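Peer 1: Here's a structure for you.
The values are calculated or read from the model by the stated rules, or taken from the named source; none is laboratory data. Every value quoted in this text rests on a predicted model; they were computed, and no experiment measured them. Here the Cβ is made from the backbone with ideal geometry for all residues, glycine too, and neighbour counts use every protein chain on show. Accessible surface areas use protein heavy atoms only, side chains included; no ligands, DNA or RNA. Shrake-Rupley method; radii C 1.70, N 1.55, O 1.52, S 1.80 Å.
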Amino acid sequence: MTTVIKIGGSLEADPHRRRALLTAIGDGAHGRCIVVPGGGAFADAVRAAQARERFGDAEAHRRALDAMSDAAGIFRGIEPRLAQSLEPWAETAPARIRVWNPRGLRGGHPDIPETWDVTSDSLALWLATRIRAERCVLVKSIDVPQGRDPVALAQEGIVDGAFPGFAAKFEGAIEIWGPQCRVAVETRTAA
C-alpha cells in the first residue's frame, strides 16, 4: 500500500511532533510513503511578498512551490532516510520512503490552477491520484471533528478551496491526523 502523507507547515510550531512523525516514516511505520511538505513560514513569506510587491497569483503559486521545495530539504535534514523525488509517478527505484520536491511543477500543469485555492493539501491529493496511492493523509496542527466531508473542510478553512475538487478525483481513503486524533474524511455520499 502506498500512502501520501502531507505534513503541514503549521507543524513548524511543534518541532517534536514533526520530528517524531518523520522518524516514524523513516522507520517504515507507515509502509511505502511519499511525504508532501507544506510551505509553512516560507509560504507565509510568499503571501507577504505578494501583498507588498503585487505580483499575480501564478507567480505566487510558483514561489509557493519553491517554498514547499525548501521545506522538503528541511525534512531531509531532519530525516536523512527520505529520498528526494521530483517525479515519483515516473520513478521505478525501490525507495520506499520519499519526500516530494514539487519544483518540477513550476512550469505549470493543466490539472493544477495557479492560485491560492491550491495549497499543499490539494497538491497532496493530486499526487496521490497521479500515483494511484491507496491513502492520502493530511497532518495538521489541529484536531478535526468526525464526519466532515471535503466541502465542509474547505468551508471551515481547514483545507484549501480546491480540495473538494481534487478529493472527488481521488479513489483512495483520505485521513486527517491532528495532535490528538485521526479522522477519516467522508468522501462518499449515500445513494
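One line per residue, one yes/no per condition, for (1) free of Cβ contacts under 8 Å to residues at least 60 places away in the same chain; (2) open to solvent by 20 Å² or more (accessible area, probe 1.4 Å); (3) under 24 Å from residue 10 (Cα atoms):
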{"site": "100", "(1), (2), (3)": "no, no, yes"}
{"site": "103", "(1), (2), (3)": "yes, yes, yes"}
{"site": "111", "(1), (2), (3)": "yes, yes, no"}
{"site": "132", "(1), (2), (3)": "no, yes, no"}
{"site": "146", "(1), (2), (3)": "yes, yes, yes"}
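Peer 1: While we're on this one: Step by step: first the residues of region 61-81, then only those that are in a helix (DSSP H, G or I) and more than 17 Å from the chain's Cα centre (by Cα), then the one that is surrounded by the fewest Cβ atoms within 10 Å (Cβ to Cβ). Which residue is that?
Peer 2: 77
Peer 1: If residue 94 meets every condition in (1) out of contact with any helix residue (DSSP H, G or I) (no Cβ under 6 Å at 6 or more places or on another chain); (2) at pLDDT 95 or above apart from one, which number is that one?
Peer 2: (2)
Peer 1: Please state which one of 186, 171 is assigned to a loop (DSSP other than H, G, I, E, B) and in contact (Cβ under 8 Å) with a residue 40 or more places away in the chain.
Peer 2: 171
Peer 1: Residue 45 passes all but one of (1) of a type outside the set (D, E, K, R); (2) more than 19 Å from residue 86 (Cα to Cα); (3) at pLDDT 90 or above; (4) touching a strand residue (DSSP E or B) at 6+ places or on another chain (Cβ under 8 Å); which number fails?
Peer 2: It fails just one condition, (4).
Peer 1: A follow-up question, please. Can you find a residue in region 114-122 that is outside any loop (DSSP other than H, G, I, E, B), open to solvent by less than 10 Å² (accessible area, probe 1.4 Å) and touching a Pro at 6+ places or on another chain (Cβ under 8 Å)?
Peer 2: Checked region 114-122: no residue is outside any loop (DSSP other than H, G, I, E, B), open to solvent by less than 10 Å² (accessible area, probe 1.4 Å) and touching a Pro at 6+ places or on another chain (Cβ under 8 Å).
Peer 1: Continuing with this model, one more query. Output the residues belonging to region 23-48 that are of a type outside the set (Phe, Trp, Tyr), in a helix (DSSP H, G or I) and open to solvent by 20 Å² or more (accessible area, probe 1.4 Å).
Peer 2: Once the filter is applied, which keeps residues that are of a type outside the set (Phe, Trp, Tyr), in a helix (DSSP H, G or I) and open to solvent by 20 Å² or more (accessible area, probe 1.4 Å), region 23-48 yields 23, 24, 41, 44, 45, 47, 48.
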